[in-house]
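Colleague: The following block contains the structure, expressed as structure tokens.
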Amino acid sequence: MAPSPIDAPDIEYATLSPLLIVLGVAVLGVLVEAFVPRAYRFVTQVVLALAGLVAALVATVWVGSDLPEVGGDVVARGGPTGMGALSVDGPAVFTWGMLLVFGVLGVMLFAERRLDGGLSAFTSQASTPPGSGDERRATRLRIEHSEVFPLALFALGGMMFFASANDLLAMFVALEVLSLPLYLMCGLARRRRLLSQEAAMKYFLLGAFSSAFFLYGIAFVYGYAGSFALGDVSTAVSERIGGQNLLLAGMALILVGLLFKVAAVPFHAWTPDVYQGAPTPVTAFMAAGTKAAAFVAMLRIFYVAFDGARWDWTPVIWAVAIVTMLFGAIVSIAQTDVKRMLAYSSIAHAGFVLVGLAGLVTGSGLTSVSAILFYLLAYGVAVIGAFAVVMLVRDAGGETTHLSRWAGLGKESPLVACVFTLFLLSFAGIPLTGGFISKWSVFAAAWEGGAWPLVVVGVVASAIALFFYVRVVVLLFFAPPQGDGPSVVVPSPLTSSVIVVAAAVTIVLGVLPGPVLELVQQVGAFVR
């Protein structure tokens, strides 16, 4: 008997073009490493990466403008594609655009060479032992580590895949694609290489725990629903087909895996160490991109697949949100290192985003999804700008991140101090900044969803964090400098552009948030 024919997969390549462009350019970057002479490799990688990201951003705008509207009263756009593995709906396309903007800003920081004597922030040869003669020889020959650009694009492609995956198994593959390049990039710092390698190892272990919990949870959910597709899981959960213990165990393990990725308490361990030890451009890229992708994936899983069991997982989200907000805000007070302070700030912000998730507001208007998308955009841009400023304050050993060395920065460089103050005020949620509107949006969604106790705790945590942010501002402008005072190096136009764009977006989102709020309201519903 003749074998039955196998149907060709139905893949809408045009719809997936932003994702394909990013991954395709990453592959081209690998070929550049193999065939382009070393003298031209760094510049070639920068130009190729930026061109690819801009092309992908244009394709994302095109895909977003061409998606059909579906779904009754809720404005949801698009639907499953890639044989159901991806869902190109409104939240997915908005997240793609947001991640690509973060990617452009991150690559521009990677390309900075003026701050460190004409070399980038990345080690000359990662394979050489720190302090060895081979390392000194590579530095003397001015060899640069340009492999970081295709690694960043692979990670970015994984983030885009992760945020739009419509299948639990595809989500796991995307999680690995986004994580593995980041582990490598954390260990590529030119200075303080041992600290950087320690950060890479710790991030690898964190990622291993995250992947293990996530995959084990997928296995339980598959045992319950008999499918990896989010739509099929949603049907099984709604019909309560039996085996509730499998479902509860699967939801718990998947949630733990995702909470590792967003650095929520008590799964935040070593996150400050990773932020401190990784090259600062990589820290900026991770802080914005990984958190955005992981939260959108979390929203997709729990609002689509597990929506019928919301009364089972909502109390856990409440508890984690409360502990995360308070812990991040309180512990940040004791920090004396700028990068660690921003790390604990990111932990507190993860709690604020969880407040929006716990609101469970769906329908039209400012939904929980819309509020979280706006929050991730405002926070991501501000945190990239803040780490870009951290790159500028230096001494003979490179970046100086101890807060005592930042005393008197307002006198040494008033412009840099003012810009950093703007980002701190945005993190604190002060009016006329993007941080204020983003906090208002998630708190409003939570209040409407009946989660008013979380809003009260969020306001208290914001007040606690405000104390530390204001203390840093006082240190910048009113504390006497220690020794020779802080030294600010003038960056190249690339880093200057990142800081200017981040500051401008932070102000615009605070003063004129209307257009972006309307956009996230239009795209803020998942296609089921």
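The values are calculated or read from the model by the stated rules, or taken from the named source; none is laboratory data. The structure presented is a predicted model; accordingly, all values stated were derived computationally and were not measured. Note that each Cβ is placed from the backbone with ideal geometry, even for glycine, and that neighbours are counted across all protein chains shown.
Colleague: Any residue at all in segment 190-202 that is in contact (Cβ under 8 Å) with a residue 24 or more places away in the chain and closer than 30 Å to L16 by Cα?
Modeller: Filtering segment 190-202 down to residues in contact (Cβ under 8 Å) with a residue 24 or more places away in the chain leaves 190-200, 202.
Add one more test, that the residue is closer than 30 Å to L16 by Cα, and what stays is none.
Looking for residues that are in contact (Cβ under 8 Å) with a residue 24 or more places away in the chain and closer than 30 Å to L16 by Cα, one finds none in segment 190-202, hence no.
Colleague: Any chance segment 365-376 includes a residue that's in contact (Cβ under 8 Å) with a residue 12 or more places away in the chain, part of a loop (DSSP other than H, G, I, E, B) and crowded, with 24+ Cβ neighbours inside 10 Å? Before the answer, list the steps.
Modeller: First, the residues of segment 365-376 that are in contact (Cβ under 8 Å) with a residue 12 or more places away in the chain: 365-376.
Keeping just the survivors that are part of a loop (DSSP other than H, G, I, E, B) gives 365-367.
With crowded, with 24+ Cβ neighbours inside 10 Å added as a condition, the list becomes 367.
Yes: segment 365-376 contains one or more residues that are in contact (Cβ under 8 Å) with a residue 12 or more places away in the chain, part of a loop (DSSP other than H, G, I, E, B) and crowded, with 24+ Cβ neighbours inside 10 Å.
Let's see how each residue does on (1) within 11 Å of F352 (Cα to Cα); (2) in contact (Cβ under 8 Å) with a residue 60 or more places away in the chain:
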site: L425; (1), (2): no, no
site: G434; (1), (2): no, yes
site: W440; (1), (2): yes, no
site: A444; (1), (2): no, yes
site: A451; (1), (2): no, yes
site: V457; (1), (2): yes, yes
site: I464; (1), (2): no, yes
site: F468; (1), (2): no, yes
site: V473; (1), (2): no, no
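Colleague: Taking L415, is it at pLDDT 90 or above, under 24 Å from V505 (Cβ atoms), within 22 Å of the chain's Cα centre (by Cα) and not acidic (D, E)?
Modeller: Numbers: at pLDDT 90 or above: yes; under 24 Å from V505 (Cβ atoms): yes; within 22 Å of the chain's Cα centre (by Cα): no; not acidic (D, E): yes.
So L415 does not fit the description; no.
Colleague: Let me ask you something else. Which members of segment 445-464 meet the condition of being hydrophobic (A, V, I, L, M, F, W, C) and either at pLDDT 90 or above or buried (at least 23 other Cβ atoms within 10 Å of the Cβ) (or both)?
Modeller: Filtering segment 445-464 down to residues hydrophobic (A, V, I, L, M, F, W, C) leaves 445-447, 451-452, 454-457, 459-461, 463-464.
If the condition is that a residue be hydrophobic (A, V, I, L, M, F, W, C) and either at pLDDT 90 or above or buried (at least 23 other Cβ atoms within 10 Å of the Cβ) (or both), then A445, A446, A451, L454, V455, V456, V457, V459, V460, A461, A463, I464 are the ones that fit.
Colleague: For V416, indicate whether it is in contact (Cβ under 8 Å) with a residue 40 or more places away in the chain and part of a helix (DSSP H, G or I).
Modeller: Working: in contact (Cβ under 8 Å) with a residue 40 or more places away in the chain: yes; part of a helix (DSSP H, G or I): yes.
Yes.
Colleague: Do we have V233 as assigned to a helix (DSSP H, G or I) and buried (at least 23 other Cβ atoms within 10 Å of the Cβ) here? Reasoning before the result, please.
Modeller: Details: assigned to a helix (DSSP H, G or I): yes; buried (at least 23 other Cβ atoms within 10 Å of the Cβ): yes.
Criteria met by V233.
Colleague: Identify, from the list G510, G524, the residue that is under 13 Å from F423 (Cα atoms) and either among the β-branched types (V, I, T) or touching a helix residue (DSSP H, G or I) at 6+ places or on another chain (Cβ under 9 Å) (or both).
Modeller: Values: G524 fails: under 13 Å from F423 (Cα atoms).
None of the others qualify; the one that does is G510.
Colleague: Would you check which residues across segment 9-31 are closer than 17 Å to V54 by Cα, among the hydrophobic types (A, V, I, L, M, F, W, C) and not in a helix (DSSP H, G or I) and list them? Explain how you work it out, then say what you get.
Modeller: Residues of segment 9-31 closer than 17 Å to V54 by Cα: 14-29.
Keeping just the survivors that are among the hydrophobic types (A, V, I, L, M, F, W, C) gives 14, 16, 19-23, 25-28.
Correct list: A14, L16.
Colleague: Any residue in segment 515-527 that is of a type in the set (G, A, S) sitting within a Cβ distance under 7 Å of a residue that is buried (at least 19 other Cβ atoms within 10 Å of the Cβ) and part of a loop (DSSP other than H, G, I, E, B)? List the pairs, counting only those 6 or more apart or interchain.
Modeller: Partner pairs satisfying both residue conditions: G524/T367; A525/T367.
Colleague: So, in segment 103-150, of the ones that are out of contact with any strand residue (DSSP E or B) (no Cβ under 9 Å at 6 or more places or on another chain) and at positive phi, which residue ends up modelled with the lowest pLDDT?
Modeller: G131
Colleague: Hey, any hits in segment 492-503 for a residue that's within 25 Å of V320 (Cβ to Cβ) and small (G, A, S)?
Modeller: Within segment 492-503, the subset within 25 Å of V320 (Cβ to Cβ) is none.
There is no residue in segment 492-503 that is within 25 Å of V320 (Cβ to Cβ) and small (G, A, S).
Colleague: Does segment 171-192 contain at least one residue that is part of a helix (DSSP H, G or I), more than 19 Å from the chain's Cα centre (by Cα) and buried (at least 20 other Cβ atoms within 10 Å of the Cβ)?
Modeller: No, segment 171-192 has no match at all.
Colleague: I've got another one for you. A163 versus (1) outside any helix (DSSP H, G or I); (2) closer than 30 Å to V304 by Cβ; (3) of a type in the set (G, A, S): which is the lone unmet condition?
Modeller: (1)
Colleague: Criterion first (surrounded by 24 or more Cβ atoms within 10 Å (Cβ to Cβ) and in contact with a Lys or Arg (Cβ under 9 Å, 6 or more places away or on another chain)) does G118 satisfy it? Steps first, please.
Modeller: Working: surrounded by 24 or more Cβ atoms within 10 Å (Cβ to Cβ): no; in contact with a Lys or Arg (Cβ under 9 Å, 6 or more places away or on another chain): yes.
So G118 does not fit the description; no.
Colleague: Does A334 qualify as being without any contact (Cβ under 8 Å) to a residue 24 or more places away in the chain, over 23 Å from G217 (Cα atoms), over 13 Å from the mean Cα position of the chain (by Cα) and surrounded by fewer than 23 Cβ atoms within 10 Å (Cβ to Cβ)?
Modeller: Details: without any contact (Cβ under 8 Å) to a residue 24 or more places away in the chain: yes; over 23 Å from G217 (Cα atoms): yes; over 13 Å from the mean Cα position of the chain (by Cα): yes; surrounded by fewer than 23 Cβ atoms within 10 Å (Cβ to Cβ): yes.
Judged against the criteria, A334 is a match.
Colleague: OK, next. Taking the condition of being of a type outside the set (A, V, I, L, M, F, W, C) and within 19 Å of A321 (Cα to Cα), how many residues in segment 223-282 meet it? Show your work before the answer.
Modeller: To start, the set of residues in segment 223-282 that are of a type outside the set (A, V, I, L, M, F, W, C) comprises 223-224, 226-227, 231-232, 234-235, 238-240, 242-245, 250, 257, 261, 266, 268, 271-273, 275-277, 279-281.
Adding the requirement that they be within 19 Å of A321 (Cα to Cα) leaves 257, 261, 266, 268, 271-272.
Number of matching residues: 6.
Colleague: On to the next question. Could you tell me whether segment 498-505 includes any residue that is over 17 Å from L392 (Cα atoms), out of contact with any Asp or Glu (no Cβ under 8 Å at 6 or more places or on another chain) and assigned to a helix (DSSP H, G or I)? I'd like the intermediate steps shown before the answer.
Modeller: Step one: of segment 498-505, the residues over 17 Å from L392 (Cα atoms) are 504-505.
Now drop any that are not out of contact with any Asp or Glu (no Cβ under 8 Å at 6 or more places or on another chain), which leaves 504-505.
Retained after the next criterion (residues that are assigned to a helix (DSSP H, G or I)): 504-505.
Checked segment 498-505: at least one residue is over 17 Å from L392 (Cα atoms), out of contact with any Asp or Glu (no Cβ under 8 Å at 6 or more places or on another chain) and assigned to a helix (DSSP H, G or I).
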